[in-house]
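Accompanying notes for the structure given below.
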Amino acid sequence: MKSKQHFETLAIHEGQAPDSATGAIITPIYQTSTYAQEQIGITKGFDYSRTANPTRLALEQCLAALENPEQLQPTYSLAFSSGLAATDTLLRLIKPGEHVLASNDVYGGTFRLFDKIVKNYGVQFSYTDITDPNLVETALRPETRLVWLETPTNPLLKIADIAEISRRVKARYAQTLIAVDNTFASPYLQQPLSLGADFVVHSTTKYLSGHSDVIGGAIIIKDIGLYEKLKFLQNAIGAIPGPQDCWLTLRGIKTLALRMERHSSNATEVANFLGNHSAIESVIYPGLERHPGHIVAKKQMKLYGGMLSVILKGGAPAAKKLVEGTKIFTLAESLGGVESLIEVPAVMTHASVAGSALEVPAGLVRLSVGIENITDLIQDLEQALTAI
Ligand SMILES: *Cc1c(COP(=O)(O)O)cnc(C)c1O
């Protein structure tokens, strides 16, 4: 047994031993759909790249280790062509008539998938405020098969107590599964499997890749039986990432720990600056002591991440001016890259929840704070706020 390694080391090496054929330090991009068979059925472990590909396997092994750096028990991982492809594949575990209880502040695309697509196949959905474990517990039904948590949520940065919710759900219905969308925190800041969740889902598009150059997703799983079911679904449905995308994601992951440290310290400084600015009504950042989820976030997260939202005193018109007035913070959807981005969720990332119970305030601005120089970032926000 190899000695226990730490997160930063696993991020660089796990699943990525030098290539056995050539000694290449970096995992090659195995750009192949199929593999030669010595005799019928005699392979080197690969026969068709939908089923398995060596570059994808390296990524899957690395992700499994990062969600479980203590390595007290094995974990398993599957990579997908996008975060939503991962979520869609996971939802195929749920049968018609069964119920999914989800956060009422869920990523807009996740809500669209649940509400416009999966619901049509007879799966029932309901939504509740996951910041209160009591509300989660009372919303459970005998047919609840899955509880879907996001924490921190997108875009309101609500915090769910993963350990407390997992404990209560399992005490009530031992068969109910818990999935946590861990995209906002990344495995460096939060490891839901060790807090009692059954699945972690990632949009690897965001912090894991970290450079805004690839779309991808993943599921990390504790139970081998559930892993085998999902592995069957991954191959049967086929929403797999190509080797080039897996390679880019692996490359990004090598610096995840460094990036998350800087994202978190920059976001803390931006939150403090905006909290004292006269144009701002309120700042939503779990690192602030006045954030209602701060104590839970402090308990389950290493740092508070790079995402924050603000509500402007001037409402939607002021929000529009701010996001169109910044120069370093680029007006764009998505998040989690090295560069700072800014957007208005109500009309951009979360337009798909408009008119539903999940609606977000029109004057809300979401910032994905990058790893640029903090003085430059604050100056940029200052000049854009002054212009309002
Ligand atoms: C972006 C995102 C997703 C969807 O991932 P894609 O890779 O865009 O399909 C899911 N959850 C959260 C929290 C996200 O930010």
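The values are calculated or read from the model by the stated rules, or taken from the named source; none is laboratory data. Since the model is a prediction, treat every value here as computed from it, not as a measurement. Cβ coordinates were reconstructed from backbone atoms using ideal geometry, including for glycine residues, and neighbour counts include every protein chain displayed. For the accessible areas, the whole protein counts, side chains as well, though only heavy atoms, and no ligand, DNA or RNA atoms are used. Shrake-Rupley method; radii C 1.70, N 1.55, O 1.52, S 1.80 Å.
The table below gives the values:
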| read-out | value |
| --- | --- |
| Pairs with Cβ under 7 Å, 6+ apart, first in region 314-339 and assigned to a helix (DSSP H, G or I), second of a type in the set (V, I, T) and open to solvent by 20 Å² or more (accessible area, probe 1.4 Å) | A318/I388; K321/I388; L322/I388 |
| Check on I159, over 27 Å from L59 (Cβ atoms), modelled with pLDDT of 95 or more, among the hydrophobic types (A, V, I, L, M, F, W, C) and assigned by TED's automatic domain parsing to the domain that holds G122 | yes |
| Close pairs (7 angstrom Cβ cut-off, 6 or more residues apart or separate chains): closer than 20 Å to P192 by Cβ in region 276-298, not in a loop (DSSP other than H, G, I, E, B) anywhere | P286/H294; P286/A297; G287/T268; G287/A271; H291/I284 |
| Boolean, T204 is closer than 21 Å to G370 by Cα, out of contact with any His (no Cβ under 8 Å at 6 or more places or on another chain) and more than 16 Å from the ligand (Cβ to nearest atom) | no |
| Filtered residues of region 363-377 (kept if assigned to a loop (DSSP other than H, G, I, E, B) and among the charged types (D, E, K, R)) | E372 |
| In region 62-78, the residues that are within 18 Å of P241 (Cβ to Cβ) and among the acidic types (D, E) | E67 |
| Subset of region 89-122 [open to solvent by less than 30 Å² (accessible area, probe 1.4 Å) and farther than 22 Å from T183 by Cβ] | H99 |
| Matching entry among S81, S77 (being open to solvent by 20 Å² or more (accessible area, probe 1.4 Å), closer than 27 Å to G109 by Cα, of a type in the set (S, T, N, Q) and within 16 Å of the ligand (Cβ to nearest atom)) | S81 |
| Residues of region 253-277 satisfying the condition of being open to solvent by 30 Å² or more (accessible area, probe 1.4 Å) and either closer than 19 Å to T375 by Cα or part of a helix (DSSP H, G or I) (or both) | L258, E261, R262, S265, T268, E269, N272, F273, G275, N276, H277 |
